[in-house]
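Below is one structure, written out as structure tokens, with a few remarks after it.
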Amino acid sequence: MSHIQVENLSIKFRIYHDKSPSLKDWFANLIKRKHQASHSDFWAVKDVSFEVKAGDRVGIIGHNGAGKSTLLKGLCRVYTPSAGRVSIEGRLAPLLEIGAGFHPEFTGRENIYLNGAILGYTKQQLLEIEPEVIAFSELEEFIDTPVKYYSTGMYMRLAFSLATAMHPDILVLDEVFAGGDAAFMTKAKKRMHDLIDKANIMILVSHDHKLVKLLCNRVIWMDHGKVVADGPPEDVVERYLAGKSNG
């Protein structure tokens, strides 16, 4: 049975401030044995804990920079926790930065196998889904063209078709509906709804609060890396919107 347990998760980034010192300053500091702090630590996610059980559809909301996408990347093992732990049972499919593993010099077909391997598909699975990925993307005519010649819409169509070709236990989405041409987006949204229906768990980051309330049975509100509220979608979204209007 699919399950996610997040315990006191924190993710820290190091931010560097100073430019490289001149050679003269470097020698002066060396002689003086002077240590200059040139960085600070930024906690993108700080001490976050929650549990997601089979059947949950969880929306994550908050302002830009609240830590939502960083949290998702922590769940997907893109970022290693600085503290705390994440425990996941079930096959997880992340739709975060769609097509992030594409190589511009490779053809669309070659990138199906390259990006598919990054997504965790076996070669046999990729052989089986290749025809369907190409057909859904509507790129039959251009599939053996290097993707550096693709338009943004073509690139997105291939990447989305591959990322959604198989049904995972746990579906993790980050602003998936944020772009693309209208005709393809209609088809893509239908596929996403099918995937969501079949997944045991869904976690969605979105600024579309109507979509969050439509798809989710629970919402987590994040602010400055911390969980502010966790509860029914209507209640948490309204509290968040009220807080924005008062801020």
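The values are calculated or read from the model by the stated rules, or taken from the named source; none is laboratory data. As the structure is a computational prediction, the values presented were derived from the model and not from experiment. Ideal geometry is used to build each Cβ from the backbone, glycine not excepted, and the neighbour counts take in all protein chains shown.
The residues on offer are 204, 173, and the sole one that is in contact with a strand residue (DSSP E or B) (Cβ under 8 Å, 6 or more places away or on another chain), under 22 Å from residue 129 (Cα atoms) and of a type in the set (A, V, I, L, M, F, W, C) is 173.
Among the residues of the range 108-146, those identified as aromatic (Phe, Trp, Tyr) and within 23 Å of the chain's Cα centre (by Cα) are 113, 121, 136.
A quick yes/no check of all residues on (1) within 19 Å of residue 205 (Cα to Cα); (2) among the polar types (S, T, N, Q):
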residue	(1), (2)
115	no, yes
121	no, no
138	no, no
151	no, yes
155	no, no
173	yes, no
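Only one entry in 158, 195 is touching a helix residue (DSSP H, G or I) at 6+ places or on another chain (Cβ under 9 Å) and of a type in the set (A, V, I, L, M, F, W, C), namely 158. In the range 104-133, the residue that is nearest to residue 154 (Cα to Cα) out of those that are in contact with a strand residue (DSSP E or B) (Cβ under 9 Å, 6 or more places away or on another chain) and either among the aliphatic types (A, V, I, L, M) or loosely packed, with under 14 Cβ neighbours inside 10 Å (or both) is 104. For the range 121-139, filtering for residues that are touching a residue at least 12 places away in the same chain (Cβ under 8 Å) and assigned to a loop (DSSP other than H, G, I, E, B) leaves 3. Pick from 192, 202: which is of a type in the set (A, V, I, L, M, F, W, C), closer than 22 Å to residue 116 by Cβ, surrounded by 14 or more Cβ atoms within 10 Å (Cβ to Cβ) and free of Cβ contacts under 8 Å to residues at least 40 places away in the same chain? Just a single option satisfies the conditions, and that option is 192. Of the residues making up the range 153-175, not a single one is surrounded by fewer than 21 Cβ atoms within 10 Å (Cβ to Cβ) and of a type in the set (Val, Ile, Thr). Do we have any residue at all in the range 229-240 that's without any contact (Cβ under 8 Å) to a residue 24 or more places away in the chain and within 30 Å of residue 136 (Cβ to Cβ)? Within the range 229-240 (the criterion being without any contact (Cβ under 8 Å) to a residue 24 or more places away in the chain and within 30 Å of residue 136 (Cβ to Cβ)), the answer is no, since none of the residues qualifies.
What strands (runs of 3 or more DSSP E) lie completely within the range 49-116 and have 1 or more residues being modelled with pLDDT of 95 or more and either out of contact with any Pro (no Cβ under 6 Å at 6 or more places or on another chain) or on the phi < 0 side of the Ramachandran plot (or both)?
Details: elements: 57-61, 83-89, 92-95.
Output list reads 57-61, 83-89.
Only one entry of 173, 204, 158 meets the criterion of being within 20 Å of residue 78 (Cβ to Cβ) and in contact with a Gly (Cβ under 7 Å, 6 or more places away or on another chain), and that entry is 204.
Residues in the range 206-247 that are exposed (fewer than 15 other Cβ atoms within 10 Å of the Cβ), part of a loop (DSSP other than H, G, I, E, B) and not small (Gly, Ala, Ser): 207, 217, 224, 232.
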